[in-house]
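The following block contains the structure, expressed as structure tokens.
Quick note: the coordinates plus some simple rules give every number you see, no bench work behind them. Note that the coordinates shown come from a computational prediction; the quantities given were computed from them, not determined experimentally. A quick note on method: Cβ atoms are made from the backbone with ideal geometry, for glycine too, and the neighbour counts reach across all protein chains shown.
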Amino acid sequence: MIQHFATYFPTCFVRIGAVALLVTLAANTTRAQSTPTSALKITPPNPPNTGMLFVNHSTANRSGHLGHALVEYDDGKLLAFYPNCSGDNGGHSAVGWMEFKRSLDGGRTWSKRLPLPFSKQLFKKGEGRTAMAEKAVLTDQGDIVLFYLICDISTTALWQPYWTPLSSISSDGGKTWSEPKPVCETRGRVYDAVYHDGEIRALHFANDATGTWWGTTDEHIFELHVSSDGGKTFTRRSVLPFNTKDRGYGSLGRLANGDLIAFVYNRTNEHDLDYTTSADGGTTWSTVKASHFRRKIRNPQFIGFNGTFYMHGRSGAYGEGSGHMILYTSSDGTKWDDGVYLRMHDTGTGAYSNSIIVGSKNDQTPNRLLIQASHAYKDSKTNVLHWWLD
């Protein structure tokens, strides 16, 4: 099981099958697309659109870029985390804390905004560090394990440099949390975490970003850290065979044959993600190959849902066609269609995102895929939006 996640659902959907998607994208390309044959329903319909407003930061001139952990901790019971940060640096800011909303009905309705205690307390200490929660997993024991990126904001409003990433455990559905502990000994960023085969697997980029967040030296490596005791302790299992120069951002998931797959972003070629696979739980890895994305991808988020694989994120940061929130589909997890824009870029930067399968705890209800993403409403100040896939 992979754990990666507005108050009402419009009754109409858009069905994008192989033919419909070709028609939608005909104005943008003349070559054939490798579109999965299964139908895709998106809510709200007819993307690109404005999405479903989940968090409105605009009323307080706040922002919520980075930190979209999602988890379904029981049947229909969800936690959706998001950042509440200042408008510093035009809103591209880590000056703030994490909050979350809770749903008890599969995402149909949500609670009021609730602060995440450790993150809020760390910010209030005024020591120049903040904690952003990008990923969460659910263990077989029913515990939530939440991962923190520890940001140094002592000199700038940005997230970097990074300190040692931390994790925290909740055994009561997010009501209380354990004292956060280091995931590893190396400063850096946990870009993704999944729960497979009774263990947590976390993709960590060992780069403290004192220079920049992408790789610049041989010491900057992608590592797989695992926990077989529900997040109490982690050990490094392997170093992934990526060339890390100019690389950053990463995503982790599972293919149909059970193999683990890891993707990383290349800032010098936003059309191609490097990837490697592992048939033994991340002990050894294949030769690195590349997956092509015609309309680019940055901050990639990979997930499998109902027999199809999805990759979503920002349509690059450089050049024409950049800055939009985009969703790609694939039948095998490596060859991707031409993509569907979910939300067009208006101003500034956004499209940090995450997704989760909702309904996996109940065999009697259909699964749905929830995508959460930031979108700039002014400069780079962002609200938080939702889309659903059926």
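Could you give P(r) for region 189-278, binned at 10 Å from zero, as whole percent values over all Cα-Cα pairs?
Histogram of Cα-Cα distances, whole percents per bin: 17, 49, 27, 6.
Can you compute the modelled spin-label distance between residue 113 and residue 347, with each label point 7 Å from Cα toward Cβ, in nm?
Between residue 113 and residue 347, the label points sit 1.9 nm apart.
What order do you get for 296, 124, 101 when you list them from fewest to most C-beta neighbours inside 10 Å?
Working: 296 23, 124 9, 101 20.
In increasing order of surrounding Cβ atoms, one gets 124, 101, 296.
Just subtract the alpha-carbon distance of residue 256 and residue 105 from 0.36 nm times their residue separation and send over the number in nm, one decimal.
On the way: separation 151, 0.36 × 151 = 54.36 nm, distance 2.92 nm.
Between residue 256 and residue 105, full extension yields 51.4 nm more.
Here is a follow-up. What is the local net charge at residue 48, summed over the other residues whose Cβ is closer than 15 Å to its Cβ (Lys, Arg +1; Asp, Glu -1)? List each step's numbers first, then the result.
Details: positive: 295, 314, 343; negative: 338, 346.
Its environment carries a net charge of +1.
At what distance in nm do the modelled label points of residue 140 and residue 124 sit from each other, each positioned 7 Å from its Cα along Cα→Cβ?
3.9
Size of the dipole of region 14-389 about the Cα centre, Lys and Arg at +1 and Asp and Glu at -1 on the beta carbon, nothing else charged, in debye to 20?
Details: 39 positive and 35 negative charges, 202 e Å.
It works out to roughly 980 debye.
Let me ask you something else. How big is the Cα convex hull of region 267-390 in projection, averaged over all directions, in nm²? Please report the intermediate quantities before stating the final value.
On the way: hull surface 35.6 nm².
Dividing the Cα hull surface by four gives the mean projection, 8.9 nm².
Shifting gears a bit: Fewest Cβ neighbours within 10 Å first, please rank 186, 210 accordingly. Provide the component values of the computation, followed by the final result.
On the way: 186 19, 210 11.
In increasing order of surrounding Cβ atoms, one gets 210, 186.
With the radius of gyration and the Kirkwood radius both derived from the Cα set of region 103-164, what is their ratio Rg to Rh?
1.07
Separate question: What residues have an amide H closer than 5 Å to that of residue 290, excluding those fewer than 5 places away on the same chain, when H is modeled at 1.01 Å from N in the peptide plane?
Residues meeting the criterion, in which the H sits 1.01 Å from N, are 275.
Rank 324, 348, 308 by how far each Cα sits towards the positive end of the charge dipole of region 274-348 (+1 on Lys, Arg Cβ; -1 on Asp, Glu Cβ) and give me just the farthest.
My answer, from the dipole projection, is 348.
In the structure displayed, which of 101/378; 125/232; 101/181; 124/175; 175/232 lie more than 22 Å apart, Cα to Cα?
Details: 101/378 24 Å; 125/232 26 Å; 101/181 24 Å; 124/175 20 Å; 175/232 18 Å.
With Cα atoms farther than 22 Å apart: 101/378; 125/232; 101/181.
Something else: Figure the gain on full extension for residue 243 and residue 271 (residue separation times 0.36 nm, minus the Cα-Cα span) and round it to one decimal in nm. Mind showing how you got there, number by number?
Values: separation 28, 0.36 × 28 = 10.08 nm, distance 1.66 nm.
Length difference between fully extended and current span is 8.4 nm.
Remind me, relative contact order of region 14-389 in percent, using alpha carbon pairs under 8 angstrom and six or more residues apart? Intermediate values should be presented prior to the final figure.
Values: 1054 pairs, mean separation 58.1, N = 376.
Averaging sequence separation for qualifying contacts and normalising by length gives 15 percent for region 14-389.
Then there's this: Taking K and R as +1 and D and E as -1, what net charge do the other residues with C-beta under 13 Å from the C-beta of residue 96 add up to?
Working: positive: 62, 113, 120, 124, 129, 381; negative: 88, 99.
Surrounding charge for residue 96 is +4.
Let me ask something else. Scale the Cα Rg of region 172-322 by the rule-of-thumb value 2.2 N^0.38 Å and send over the ratio, two decimals.
Values: Rg = 15.7 Å, N = 151, 2.2 N^0.38 = 14.8 Å.
Against the empirical 2.2 N^0.38 Å value, I get 1.06 for region 172-322.
So what's the chain giving for Rg/Rh, alpha carbon basis, Kirkwood Rh from the mean inverse pair distance?
0.93
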